[in-house]
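A.B. asks: Let me begin by handing over the structure; questions about it come next.
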Amino acid sequence: MQRRELITLLGGAAAAWPFSLRAQQPERIRHIGLLLPATANDAAFQAWLGAFLQGLALLGWTIGRNVRIETRWAGGNADDIRRHAAELAALAPDVILAHGASTAGRLLQATRTVPIVFPVVFDPVGAGLVDSLAQPGGNVTGFMSTEYSIGGKWLELLKQIAPSVTRVAVFRDTTTPTGSAMFGVIQAAAPSLGMEVNAVSMRDAGEIERAVAAFARSPNGGLILTASGLASLHRDLIITLAAQHKLPAVYFERVYAAAGGLISYGADFADMYRRAAGYVDRILKGEKPADLPVQAPTKYELVINLKTAMALGLTVPPSLLARADQVIE
(Lines give C-alpha, C1' and ligand atoms only; values in the text may rest on other atoms or scores of the structure.)
Protein backbone atom coordinates (compact mmCIF):
# COMPACT_ATOMS: atom_id res chain seq x y z
CA MET A 1 0.00 0.00 0.00
CA GLN A 2 1.35 3.42 -0.91
CA ARG A 3 2.12 5.84 1.95
CA ARG A 4 -0.36 8.41 0.58
CA GLU A 5 -3.15 5.82 0.48
CA LEU A 6 -2.40 4.71 4.05
CA ILE A 7 -2.56 8.28 5.38
CA THR A 8 -5.87 8.83 3.57
CA LEU A 9 -7.33 5.63 4.99
CA LEU A 10 -6.21 6.38 8.55
CA GLY A 11 -7.48 9.95 8.27
CA GLY A 12 -10.92 8.76 7.13
CA ALA A 13 -11.13 6.22 9.94
CA ALA A 14 -10.09 8.79 12.55
CA ALA A 15 -12.82 11.14 11.38
CA ALA A 16 -15.39 8.38 11.73
CA TRP A 17 -14.33 7.33 15.26
CA PRO A 18 -16.00 10.20 17.20
CA PHE A 19 -19.26 9.67 15.30
CA SER A 20 -19.17 5.94 15.98
CA LEU A 21 -18.48 6.46 19.68
CA ARG A 22 -21.25 9.04 19.98
CA ALA A 23 -23.72 6.69 18.32
CA GLN A 24 -22.90 3.95 20.83
CA GLN A 25 -23.26 6.15 23.92
CA PRO A 26 -26.55 5.59 25.83
CA GLU A 27 -29.12 8.38 25.82
CA ARG A 28 -29.03 10.67 28.86
CA ILE A 29 -31.56 9.59 31.46
CA ARG A 30 -33.58 12.41 33.05
CA HIS A 31 -35.04 12.17 36.55
CA ILE A 32 -38.69 12.95 37.39
CA GLY A 33 -40.03 12.91 40.95
CA LEU A 34 -43.69 12.31 41.81
CA LEU A 35 -45.36 13.30 45.09
CA LEU A 36 -48.95 12.11 45.41
CA PRO A 37 -51.25 12.54 48.46
CA ALA A 38 -52.75 9.06 48.22
CA THR A 39 -51.92 5.40 48.72
CA ALA A 40 -50.36 3.34 45.94
CA ASN A 41 -53.55 1.29 45.53
CA ASP A 42 -55.79 4.32 44.97
CA ALA A 43 -57.49 3.53 41.65
CA ALA A 44 -58.21 7.17 40.79
CA PHE A 45 -54.62 8.31 41.27
CA GLN A 46 -53.37 5.27 39.35
CA ALA A 47 -55.60 6.27 36.43
CA TRP A 48 -54.39 9.89 36.55
CA LEU A 49 -50.78 8.75 36.79
CA GLY A 50 -51.37 6.49 33.79
CA ALA A 51 -52.61 9.50 31.82
CA PHE A 52 -49.43 11.40 32.78
CA LEU A 53 -47.17 8.53 31.70
CA GLN A 54 -49.13 8.22 28.46
CA GLY A 55 -48.57 11.91 27.83
CA LEU A 56 -44.83 11.52 28.44
CA ALA A 57 -44.65 8.53 26.08
CA LEU A 58 -46.32 10.49 23.28
CA LEU A 59 -43.63 13.14 23.74
CA GLY A 60 -40.82 10.60 23.39
CA TRP A 61 -40.03 9.81 27.03
CA THR A 62 -39.61 6.13 27.87
CA ILE A 63 -38.94 4.79 31.37
CA GLY A 64 -35.56 3.07 31.45
CA ARG A 65 -34.40 4.56 28.15
CA ASN A 66 -34.30 8.30 28.70
CA VAL A 67 -36.23 8.89 31.92
CA ARG A 68 -36.57 7.37 35.37
CA ILE A 69 -39.31 8.16 37.84
CA GLU A 70 -39.10 8.32 41.63
CA THR A 71 -42.58 8.08 43.18
CA ARG A 72 -43.61 8.93 46.74
CA TRP A 73 -47.12 7.99 47.93
CA ALA A 74 -47.88 10.18 50.95
CA GLY A 75 -51.37 8.87 51.73
CA GLY A 76 -52.79 12.31 52.51
CA ASN A 77 -50.99 12.52 55.85
CA ALA A 78 -49.41 15.93 56.47
CA ASP A 79 -46.33 14.50 58.23
CA ASP A 80 -45.75 11.97 55.46
CA ILE A 81 -46.15 14.66 52.80
CA ARG A 82 -43.57 16.82 54.58
CA ARG A 83 -41.12 13.90 54.91
CA HIS A 84 -41.48 12.74 51.31
CA ALA A 85 -41.20 16.31 50.02
CA ALA A 86 -37.87 16.69 51.83
CA GLU A 87 -36.67 13.34 50.44
CA LEU A 88 -37.53 14.21 46.85
CA ALA A 89 -36.03 17.69 47.12
CA ALA A 90 -32.79 16.19 48.45
CA LEU A 91 -32.59 13.90 45.40
CA ALA A 92 -32.63 17.05 43.19
CA PRO A 93 -34.49 15.53 40.22
CA ASP A 94 -34.86 17.47 36.98
CA VAL A 95 -38.54 18.16 37.80
CA ILE A 96 -41.16 17.07 40.34
CA LEU A 97 -44.87 16.51 39.67
CA ALA A 98 -46.98 17.22 42.78
CA HIS A 99 -50.76 16.85 43.10
CA GLY A 100 -52.58 19.54 45.07
CA ALA A 101 -51.63 22.60 47.07
CA SER A 102 -50.66 20.62 50.16
CA THR A 103 -47.99 18.60 48.34
CA ALA A 104 -46.71 21.38 46.08
CA GLY A 105 -46.59 23.74 49.05
CA ARG A 106 -44.46 21.34 51.10
CA LEU A 107 -42.11 20.91 48.16
CA LEU A 108 -41.80 24.65 47.78
CA GLN A 109 -40.75 24.84 51.43
CA ALA A 110 -38.12 22.19 50.75
CA THR A 111 -36.64 23.62 47.53
CA ARG A 112 -36.65 26.89 45.62
CA THR A 113 -34.54 25.52 42.76
CA VAL A 114 -36.00 22.17 41.62
CA PRO A 115 -38.81 22.79 39.09
CA ILE A 116 -42.26 21.75 40.37
CA VAL A 117 -45.33 21.12 38.18
CA PHE A 118 -48.77 20.67 39.72
CA PRO A 119 -51.37 18.90 37.53
CA VAL A 120 -54.19 19.88 39.91
CA VAL A 121 -54.39 22.86 42.31
CA PHE A 122 -57.56 24.77 43.11
CA ASP A 123 -56.16 28.27 43.75
CA PRO A 124 -52.37 28.40 43.19
CA VAL A 125 -52.16 32.15 43.85
CA GLY A 126 -54.17 31.95 47.07
CA ALA A 127 -52.10 28.95 48.16
CA GLY A 128 -48.91 30.99 47.71
CA LEU A 129 -47.46 28.72 45.03
CA VAL A 130 -47.17 31.35 42.28
CA ASP A 131 -47.06 35.14 42.04
CA SER A 132 -49.74 35.22 39.35
CA LEU A 133 -51.33 32.89 36.84
CA ALA A 134 -49.72 34.62 33.87
CA GLN A 135 -46.28 34.95 35.46
CA PRO A 136 -45.65 32.28 38.12
CA GLY A 137 -42.34 33.92 39.00
CA GLY A 138 -40.57 31.04 40.74
CA ASN A 139 -39.86 27.33 40.40
CA VAL A 140 -43.53 26.25 40.40
CA THR A 141 -46.21 26.19 37.70
CA GLY A 142 -48.98 23.92 36.49
CA PHE A 143 -52.72 23.62 36.05
CA MET A 144 -55.56 25.20 38.01
CA SER A 145 -58.37 22.72 38.61
CA THR A 146 -61.28 25.17 38.72
CA GLU A 147 -62.53 28.64 39.67
CA TYR A 148 -64.45 29.71 42.77
CA SER A 149 -67.59 30.36 40.73
CA ILE A 150 -68.07 26.61 40.40
CA GLY A 151 -69.34 26.57 43.99
CA GLY A 152 -72.58 28.20 42.89
CA LYS A 153 -72.85 25.68 40.06
CA TRP A 154 -72.60 22.77 42.54
CA LEU A 155 -75.43 24.28 44.57
CA GLU A 156 -77.60 24.69 41.46
CA LEU A 157 -76.99 21.08 40.42
CA LEU A 158 -77.96 19.83 43.86
CA LYS A 159 -81.21 21.80 43.69
CA GLN A 160 -81.96 20.50 40.19
CA ILE A 161 -81.43 16.85 40.98
CA ALA A 162 -82.98 17.02 44.47
CA PRO A 163 -85.51 19.92 44.54
CA SER A 164 -86.60 19.18 48.12
CA VAL A 165 -83.14 19.99 49.52
CA THR A 166 -83.12 23.18 51.57
CA ARG A 167 -80.20 22.46 53.89
CA VAL A 168 -76.67 21.77 52.65
CA ALA A 169 -73.61 20.56 54.53
CA VAL A 170 -70.43 21.72 52.76
CA PHE A 171 -67.33 19.64 53.44
CA ARG A 172 -64.24 21.84 53.55
CA ASP A 173 -60.59 21.54 54.54
CA THR A 174 -60.00 24.20 57.20
CA THR A 175 -56.21 23.86 56.86
CA THR A 176 -56.24 25.50 53.42
CA PRO A 177 -57.38 29.04 52.53
CA THR A 178 -59.37 27.70 49.58
CA GLY A 179 -61.62 25.67 51.89
CA SER A 180 -63.01 28.73 53.65
CA ALA A 181 -63.10 30.79 50.45
CA MET A 182 -65.12 28.18 48.57
CA PHE A 183 -67.54 27.84 51.47
CA GLY A 184 -68.04 31.61 51.32
CA VAL A 185 -68.92 31.44 47.62
CA ILE A 186 -71.45 28.65 48.19
CA GLN A 187 -72.91 30.47 51.20
CA ALA A 188 -73.38 33.65 49.13
CA ALA A 189 -75.25 31.74 46.40
CA ALA A 190 -77.53 29.85 48.80
CA PRO A 191 -80.28 32.49 49.51
CA SER A 192 -81.17 32.87 45.83
CA LEU A 193 -81.94 29.13 45.72
CA GLY A 194 -83.82 29.09 49.01
CA MET A 195 -81.12 27.07 50.74
CA GLU A 196 -79.05 27.40 53.89
CA VAL A 197 -75.53 26.00 54.19
CA ASN A 198 -73.46 24.66 57.06
CA ALA A 199 -69.72 24.06 57.09
CA VAL A 200 -68.37 20.62 57.94
CA SER A 201 -64.69 20.12 58.72
CA MET A 202 -63.06 16.82 57.78
CA ARG A 203 -59.93 16.57 59.88
CA ASP A 204 -60.53 12.88 60.59
CA ALA A 205 -63.02 10.08 60.01
CA GLY A 206 -64.62 10.39 63.44
CA GLU A 207 -65.36 14.07 62.98
CA ILE A 208 -66.92 13.40 59.56
CA GLU A 209 -69.14 10.59 60.86
CA ARG A 210 -70.39 12.65 63.81
CA ALA A 211 -71.07 15.73 61.68
CA VAL A 212 -73.01 13.85 59.00
CA ALA A 213 -75.05 11.92 61.58
CA ALA A 214 -76.00 15.16 63.36
CA PHE A 215 -76.83 16.93 60.11
CA ALA A 216 -79.00 14.04 58.88
CA ARG A 217 -81.29 14.19 61.93
CA SER A 218 -83.22 17.01 60.26
CA PRO A 219 -84.99 16.55 56.89
CA ASN A 220 -84.32 17.99 53.43
CA GLY A 221 -80.55 17.82 53.67
CA GLY A 222 -77.88 17.47 50.99
CA LEU A 223 -74.08 17.47 50.78
CA ILE A 224 -71.39 19.22 48.74
CA LEU A 225 -67.80 17.96 48.82
CA THR A 226 -65.20 20.58 47.89
CA ALA A 227 -61.76 19.66 46.56
CA SER A 228 -58.84 18.97 48.91
CA GLY A 229 -56.39 16.27 49.88
CA LEU A 230 -58.65 15.33 52.78
CA ALA A 231 -61.57 14.92 50.37
CA SER A 232 -59.54 12.32 48.47
CA LEU A 233 -58.40 10.63 51.67
CA HIS A 234 -61.98 10.25 52.98
CA ARG A 235 -63.63 9.64 49.59
CA ASP A 236 -65.11 6.23 50.32
CA LEU A 237 -66.27 7.20 53.80
CA ILE A 238 -68.15 10.28 52.60
CA ILE A 239 -69.84 8.38 49.75
CA THR A 240 -70.85 5.63 52.19
CA LEU A 241 -72.25 8.11 54.73
CA ALA A 242 -74.24 9.94 52.04
CA ALA A 243 -75.86 6.64 51.01
CA GLN A 244 -76.42 5.50 54.60
CA HIS A 245 -78.21 8.71 55.60
CA LYS A 246 -80.03 9.12 52.27
CA LEU A 247 -78.38 12.46 51.52
CA PRO A 248 -78.10 13.66 47.89
CA ALA A 249 -74.53 14.82 47.30
CA VAL A 250 -72.55 16.74 44.69
CA TYR A 251 -68.85 16.02 44.20
CA PHE A 252 -66.05 17.91 42.45
CA GLU A 253 -64.66 15.07 40.30
CA ARG A 254 -66.03 12.13 38.33
CA VAL A 255 -64.27 9.46 40.40
CA TYR A 256 -66.76 10.11 43.21
CA ALA A 257 -69.79 9.50 41.00
CA ALA A 258 -68.12 6.42 39.55
CA ALA A 259 -67.61 5.11 43.09
CA GLY A 260 -71.30 5.52 43.99
CA GLY A 261 -71.76 9.25 44.52
CA LEU A 262 -74.89 10.85 43.09
CA ILE A 263 -73.51 13.55 40.80
CA SER A 264 -70.19 15.21 40.04
CA TYR A 265 -69.17 18.29 38.11
CA GLY A 266 -65.64 19.48 37.64
CA ALA A 267 -62.46 19.43 35.61
CA ASP A 268 -61.29 16.24 33.90
CA PHE A 269 -58.27 15.38 36.09
CA ALA A 270 -56.95 12.74 33.65
CA ASP A 271 -56.82 15.40 30.93
CA MET A 272 -54.97 17.75 33.28
CA TYR A 273 -52.37 15.07 34.05
CA ARG A 274 -51.81 14.56 30.31
CA ARG A 275 -51.35 18.30 29.86
CA ALA A 276 -48.97 18.37 32.82
CA ALA A 277 -46.77 15.92 30.91
CA GLY A 278 -46.38 18.65 28.30
CA TYR A 279 -45.03 21.08 30.89
CA VAL A 280 -42.67 18.45 32.29
CA ASP A 281 -41.42 17.82 28.74
CA ARG A 282 -40.80 21.52 28.17
CA ILE A 283 -38.91 21.86 31.44
CA LEU A 284 -36.76 18.82 30.65
CA LYS A 285 -35.93 20.52 27.35
CA GLY A 286 -34.72 23.68 29.07
CA GLU A 287 -37.72 25.96 29.74
CA LYS A 288 -38.22 27.45 33.19
CA PRO A 289 -41.39 27.18 35.33
CA ALA A 290 -41.38 30.95 35.80
CA ASP A 291 -41.96 31.34 32.05
CA LEU A 292 -44.82 28.82 31.82
CA PRO A 293 -48.19 30.37 32.79
CA VAL A 294 -50.62 28.48 34.98
CA GLN A 295 -53.35 27.09 32.74
CA ALA A 296 -57.07 26.65 33.40
CA PRO A 297 -59.03 23.45 32.64
CA THR A 298 -60.16 22.88 29.08
CA LYS A 299 -62.54 19.99 29.86
CA TYR A 300 -65.31 19.86 32.47
CA GLU A 301 -67.38 16.74 33.09
CA LEU A 302 -70.92 16.27 34.41
CA VAL A 303 -71.43 12.69 35.61
CA ILE A 304 -74.70 11.32 37.02
CA ASN A 305 -75.09 7.98 38.78
CA LEU A 306 -78.63 6.79 38.02
CA LYS A 307 -78.32 3.79 40.33
CA THR A 308 -77.64 6.11 43.25
CA ALA A 309 -80.47 8.42 42.20
CA MET A 310 -82.90 5.47 42.24
CA ALA A 311 -81.65 4.37 45.66
CA LEU A 312 -82.36 7.88 46.95
CA GLY A 313 -85.81 7.93 45.34
CA LEU A 314 -84.88 10.74 42.96
CA THR A 315 -86.07 11.25 39.40
CA VAL A 316 -83.36 12.97 37.39
CA PRO A 317 -84.79 15.68 35.10
CA PRO A 318 -84.41 14.81 31.39
CA SER A 319 -82.77 18.18 30.78
CA LEU A 320 -80.04 17.31 33.28
CA LEU A 321 -79.53 13.86 31.77
CA ALA A 322 -79.19 15.42 28.33
CA ARG A 323 -76.36 17.65 29.57
CA ALA A 324 -74.43 14.84 31.26
CA ASP A 325 -71.11 13.71 29.80
CA GLN A 326 -71.61 10.32 31.39
CA VAL A 327 -74.62 8.55 32.92
CA ILE A 328 -73.86 5.54 35.11
CA GLU A 329 -76.70 3.00 34.98
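A.B. asks: Please turn the phi angles of the stretch 259-269 into ³J(HN,Hα) values with the Karplus equation 6.51 cos²θ - 1.76 cosθ + 1.60 (θ = phi - 60°), one per residue in order, whole Hz, x for glycine and proline.
C.D. replies: Here the 3J(HN,Hα) series is 8, x, x, 5, 8, 9, 8, x, 5, 7, 5 Hz.
A.B. asks: Amide H neighbours of Ala249 under 5 Å, counting only residues 5+ apart in sequence or on other chains, H built in-plane at 1.01 Å?
C.D. replies: Leu223, Leu262, Ile263
A.B. asks: For a quick protection proxy, order the peptides 44-55, 284-295, 312-323 by their average other-Cβ count within 10 Å, most packed first. Spell out each step's value before the answer.
C.D. replies: Numbers: 44-55: 18.9, 284-295: 15.1, 312-323: 12.4.
Highest-to-lowest ranking by the protection proxy: 44-55, 284-295, 312-323.
A.B. asks: Step through the residues of the stretch 223-235 one at a time and calculate ³J(HN,Hα) from phi using the Karplus curve (6.51 cos²θ - 1.76 cosθ + 1.60, θ = phi - 60°), rounding each to whole Hz and writing x for Gly and Pro.
C.D. replies: Per residue, the Karplus-derived 3J(HN,Hα) values read 10, 10, 9, 8, 6, 5, x, 5, 4, 5, 4, 9, 3 Hz.
A.B. asks: Can you give the accessible area per residue of the stretch 180-267, in Å², using a 1.4 Å probe?
C.D. replies: Computed with neighbouring chains in place, this is 39 Å² per residue.
A.B. asks: Further question: Relative to the longest principal axis of the chain, what angle (0 to 90°, nearest 10) does the C-alpha long axis of helix 205-215 take?
C.D. replies: Helix 205-215 sits at roughly 30 degrees to that axis.
A.B. asks: Ok, one more. Mind putting a number on the dipole of the chain about its Cα centre? Charges go on the C-beta only, +1 for Lys and Arg and -1 for Asp and Glu, and I need it in Debye to the nearest 20. Display every interim value, and only then the final one.
C.D. replies: On the way: 30 positive and 27 negative charges, 123 e Å.
I would put it at about 600 debye.
A.B. asks: Nearest-5 percent of antiparallel DSSP beta bridges in the stretch 189-320?
C.D. replies: 55
A.B. asks: Here is a further query. Please sort 167-178, 247-258, 269-280, 186-197 by packing, taking for each peptide the average over its residues of neighbouring beta carbons within 10 angstrom, highest first.
C.D. replies: Numbers: 167-178: 21.2, 247-258: 25.2, 269-280: 22.8, 186-197: 15.8.
Result, highest mean Cβ count within 10 Å first: 247-258, 269-280, 167-178, 186-197.
A.B. asks: Here's a follow-up. How far is it, in nm, from the label point at His245 to the one at Lys285 when both lie 7 Å from their Cα along the line to the Cβ?
C.D. replies: 5.1
A.B. asks: Amide H to amide H, which residues 5 or more places from Phe118 or on other chains are under 5 Å from it, using H placed in the peptide plane?
C.D. replies: Close amide H contacts, sequence-distant or interchain: Ala98, Thr141, Gly142, Phe143.
A.B. asks: Could you give me the radius of gyration and the Dmax of the stretch 110-258, taking only the C-alpha atoms into account and expressing both in angstrom?
C.D. replies: 16.4, 53
A.B. asks: Quick one: pull the percent of accessible area on the chain belonging to carbon and sulfur, 1.4 Å probe, ligands and nucleic acids left out.
C.D. replies: Taking all protein chains in place, the chain shows 54 percent carbon and sulfur surface.
A.B. asks: Grab the Cα-Cα distance for Leu321 and Thr71, subtract it from 0.36 nm times how many residues apart they are, and report the gain in nm with one decimal.
C.D. replies: So the chain would gain 86.1 nm between Leu321 and Thr71.
A.B. asks: Restricting to the chain, what percent of DSSP beta bridges are antiparallel, rounded to 5?
C.D. replies: Taking every DSSP beta bridge with both residues in the chain, the antiparallel ones total about 10 percent.
A.B. asks: Taking the chain as the reference, fit the longest principal axis to its C-alpha atoms, fit the long axis of helix 3-24 to the helix C-alpha atoms, and give the angle between the two in degrees, 0 to 90, nearest 10.
C.D. replies: Orientation of helix 3-24: about 10 degrees from the principal axis.
A.B. asks: Related question: Please compute the per residue accessible area over the stretch 68-164 with all protein chains in place, 1.4 Å probe, rounded to a whole number of Å².
C.D. replies: About 38 Å² of surface per residue is accessible.
A.B. asks: Next up: Can you compute the FRET efficiency between Ser164 and Asp204 using 1/(1 + (r/R0)^6), with r the Cβ-Cβ distance and R0 = 41 Å? Round to the nearest 0.05.
C.D. replies: 0.85
A.B. asks: Related question: Return the distance in nm (one decimal) between the two label points of a simple spin-label model at Arg83 and Leu237, each offset 7 Å from Cα along Cα→Cβ.
C.D. replies: Going from the Arg83 label point to the Leu237 one covers 2.0 nm.
A.B. asks: Something else: Rounded, prolate or oblate: which one fits the chain, using the alpha carbon gyration tensor with axes a ≥ b ≥ c (rounded when a/c is under 1.5, else prolate when a/b beats b/c, else oblate)?
C.D. replies: On the way: a/c = 2.90, a/b = 2.42, b/c = 1.20.
In terms of gyration-tensor shape, prolate.
The values are calculated or read from the model by the stated rules, or taken from the named source; none is laboratory data. Fair warning: this is a prediction, and the values are worked out from it, not measured in the lab. All Cβ positions, even for glycine, are placed from backbone atoms using ideal geometry, and neighbour counts span all protein chains on display. Areas reflect the complete protein model, heavy atoms only, side chains present, ligands, DNA and RNA absent. Shrake-Rupley method; radii C 1.70, N 1.55, O 1.52, S 1.80 Å.
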